[in-house]
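Here the structure is laid out as structure tokens; the discussion comes afterwards.
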Amino acid sequence: MGRAFEYRKARKLKRWGNMARTFTKLGKEIEIAVKAGGPDPAGNTRLRVLIQNAKAANMPKENVERAIKRAISKDTADYKEMIYEGYGPHGIAVLVETATDNTTRTVANVRSCFNKMGGTLGTSGSVSFMFEHRCTFKIANSDAIDLEELELELIDCGVDEVFADEGEIIISGGFESYGAIQKYLEDHSIEIISGEFERVPTDYKDLDEEGRASIDKLVERLEEDDDVTAVYTNLRPAEDEE
């Protein structure tokens, strides 16, 4: 199992730990998907998977329906997906994904977080090259699925990792492979539990306990902002350190 698996394991509990924040994030993603591809899941591939993500996160069905209704309402502001890049304390690269209806507010809040926590907001492209943009699908494991055979079938779709993890099968590939992977799974009637995008560091940096605490505080402060959907750093996960 590769670097992407190690990164996912380290982030899994934290990502889904705050239920309210998770629902807010999914709601915004659903609104963006509906505005881009329409409210009918049958004709909107991204929306289909997001509805599955919401189900996997135990998001109430009425929350999903409200997000779809908001997206088709003319009175609802459009969300823009913006990425902000910078450095935290000790030169740790930080990449912040947001979904916002007010970029002026969001960039000001993100910059304030960096400044207050000893970091510096950078320019576009300043740290994004240090991360791989990837997609990950989860499907249910079963005796009917041969992992090696499935991986061979999915290679042509751009998949480079297939493995079992806690009763699920994880399928991972490059960002651009998302559509092809989703199509293969749906064409073969394989139920998708969830599908998401993530950014995995190409290399990690190590810090002592004090330095790690300063990065954790910056990440926590950023994640408290309602416009922020995800924060990534190239700090090595604590459980991977020897």
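Read the figures in this text as sums done on the coordinates, not as results from a lab. For clarity, every value in this text was computed on a predicted model and none was experimentally measured. Here Cβ is always computed from backbone atoms with ideal geometry, including for glycine, and neighbour counts include all displayed protein chains.
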Would you mind computing, in nm to one decimal, how far apart the modelled labels at Ala42 and Thr76 are, each placed 7 Å from Cα along Cα→Cβ? 2.1
Total charge dipole magnitude, segment 114-242, about the Cα centre, Cβ charges on Lys, Arg, Asp, Glu only, Debye to nearest 20: 800
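In the structure displayed, which of Lys28/Lys74; Lys61/Lys217; Lys35/Lys183; Lys138/Lys217; Lys25/Lys55 lie more than 23 Å apart, Cα to Cα? Intermediate values should be presented prior to the final figure.
Values: Lys28/Lys74 16 Å; Lys61/Lys217 33 Å; Lys35/Lys183 21 Å; Lys138/Lys217 30 Å; Lys25/Lys55 14 Å.
Those over the limit are Lys61/Lys217; Lys138/Lys217.
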Mean Kyte-Doolittle of at least -1.0 plus a Cα span of 15 Å or more along the axis: flag which DSSP H helices in the chain meet both, please. 19-37, 45-56, 61-72, 103-116, 209-223
Beta carbons within 10 angstrom, averaged per residue: use that to sort the peptides 144-152, 178-186, highest first. 178-186, 144-152
Measuring from its Cα centre, the chain shows a charge dipole (+1 at each Lys and Arg Cβ, -1 at each Asp and Glu Cβ) which, in debye to the nearest 20, is 1380
Calculated from DSSP H runs of 4 or more alone, at -39500 (n - 2.57) each and per residue, what is the 222 nm mean residue ellipticity of the chain, nearest 500? -14000 deg cm²/dmol
